[in-house]
Amino acid sequence: MLYQLYDWQRAAMQPWRAMADAANEFYGHPVSPLSWLPGSRNVAAAFDLMGRLTRRYERPAFGIRKVRSGGRDCAVKEVFVLDKPFCRLLHFAKAGAPPQPKVIVFAPLSGHFATLLRDTVKTLLADHDVWITDWLDAKEVPLAAGPFHFDDYVDTVREFLRHLGPEVHAVSVCQPTVPVLAAVSLMAAAGEPVPRSLTMMGGPIDTRSSPTAVNDFARHRPMSWFEAKVVQRVPMRYPGFMRRVYPGFLQFAGFVAMNPDRHVDSHVQYYQHLIEGDGESAQAHRRFYDEYNAVMDLPAEYYLETVERVFHQHLLPRGRLKVRGERVRPEAIRVSALFTIEGEIDDISGPGQTQAAHGLCKGIPAGSKEHYLAPGVGHYGIFSGRKFREMIYPRMRDFIARHDR
């Protein structure tokens, strides 16, 4: 019922959003007579902020049209290679690029769209042939498609890796480190070809190491609390009507609650930038929040099973994780190189949680394992921003190149 009430509230706000957009034009557009009135910038800024705080943010576009690769400018075209009910395999095809290492980026299924990794993809494209998992909003998936469990996630990883072949390099960012490690472990145990390398970035392999506020929040609440408080049914007007989901708006509330002062200050500064006419700073704010505010619903069964298996029972590091009845044995991985990356000030996956993969992957030779703790880097800085491009990516690029046999 909460989801339905939220959806009604959003619909009821639509006339007010339209009014705010119109008023912003009346008082802010340079050809409008009202824009010359005293205080018009303040009024326009207030309506602009109102519109942004109440609008619905849809899935952003990657918007990568061209990259510099192999010493030339290459046009980039998005091609969906595989289309599953909950996920699509997206290839960033580069026209005229030379042969380069194949990389698949496993994006998190944890609230934001895969476009959150736009900077990761664009940076990788300079030196690699790149694919990414493009997860779909669960409220857009009809109930007839069935549920999506943790085991289904692992199956999806295995299918995508099989499709790309053993010459691929796998990069997992945050949440997918666990199902990706599980999938590769099962493939290795079954004698299937596995990726040439695994790069795991800021993931919850073992949340008992340096637990964060996020880990504690999940660990100290029983599963019955999550069932009762965060799982909702999709409202009628969406294709996924009646599907059980963890709604995006509840996830967004959690994101903001982690650092409320920072978000308030950011919006106050945005208001000041508009008044001062600082268009560059205002546009930077819009770019960030257009991405940050775009959230998606998660399938409830997948979300609940992840909380239970990863954050409550710690099944993978304890050697007790099973997928479709088969025990996951990371020690079966022998030929994939392993590179783990963590941020020194990561407040979502603390230092040591991703590095725990080294102790589990005992079959990988020591010479094929690397770990990097990025100084002064938080969670999002691990995969985007200046520090990612200058400190982390060169190490990723060199690691992949060394193991691209």
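Can you find a residue in region 117-124 that is assigned to a strand (DSSP E or B) and either touching a residue at least 12 places away in the same chain (Cβ under 8 Å) or not assigned by TED's automatic domain parsing to the domain that holds Ile333 (or both)? No - not one qualifying residue is present in region 117-124.
Just to be sure I understand, how many residues within region 313-337 are surrounded by fewer than 17 Cβ atoms within 10 Å (Cβ to Cβ) and assigned to a helix (DSSP H, G or I)?
Within region 313-337, residues that are surrounded by fewer than 17 Cβ atoms within 10 Å (Cβ to Cβ) and assigned to a helix (DSSP H, G or I) number 1.
Within region 342-360, at least one residue is in contact with a Lys or Arg (Cβ under 7 Å, 6 or more places away or on another chain) and either modelled with pLDDT of 95 or more or among the β-branched types (Val, Ile, Thr) (or both).
Conditions tested, residue by residue: (1) of a type outside the set (D, E, K, R); (2) touching a helix residue (DSSP H, G or I) at 6+ places or on another chain (Cβ under 6 Å); (3) in contact (Cβ under 8 Å) with a residue 12 or more places away in the chain; (4) in the same structural domain as Ser349 (by TED's automatic domain parsing).
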{"position": "Val234", "(1), (2), (3), (4)": "yes, yes, yes, no"}
{"position": "Met242", "(1), (2), (3), (4)": "yes, yes, yes, no"}
{"position": "Phe252", "(1), (2), (3), (4)": "yes, no, yes, no"}
{"position": "Ala257", "(1), (2), (3), (4)": "yes, no, no, no"}
{"position": "His263", "(1), (2), (3), (4)": "yes, yes, no, no"}
{"position": "Gln269", "(1), (2), (3), (4)": "yes, no, yes, no"}
{"position": "Ile275", "(1), (2), (3), (4)": "yes, yes, yes, no"}
{"position": "Ala282", "(1), (2), (3), (4)": "yes, yes, yes, no"}
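Whenever a residue of region 48-60 is over 18 Å from Tyr6 (Cα atoms), its partners that are buried (at least 17 other Cβ atoms within 10 Å of the Cβ) and β-branched (Val, Ile, Thr), lying with C-beta atoms within less than 7 angstrom and at least six residues away or across chains, give the pairs Arg59/Thr115; Pro60/Thr115. Check whether at least one residue in region 45-59 is within 30 Å of Leu117 (Cβ to Cβ) and more than 27 Å from the chain's Cα centre (by Cα), and report yes or no. Yes, there is a match, as at least one residue in region 45-59 is within 30 Å of Leu117 (Cβ to Cβ) and more than 27 Å from the chain's Cα centre (by Cα).
If you go through region 273-323 and keep only what is touching a His at 6+ places or on another chain (Cβ under 8 Å) and of a type in the set (S, T, N, Q), you end up with just Ser281.
If you check Asn42, Asn24 for being closer than 22 Å to Glu291 by Cβ, more than 27 Å from the chain's Cα centre (by Cα) and either at pLDDT 80 or above or not assigned by TED's automatic domain parsing to the domain that holds Gly111 (or both), only one passes: Asn24.
For Asp48, the stated conditions hold: it is closer than 27 Å to Tyr271 by Cβ and modelled with pLDDT of 85 or more.
The values are calculated or read from the model by the stated rules, or taken from the named source; none is laboratory data. Worth saying up front: this structure is predicted, and the values here are computed from it rather than measured. Cβ sites come from the backbone with ideal geometry, for glycine too, and all protein chains shown count toward neighbours.
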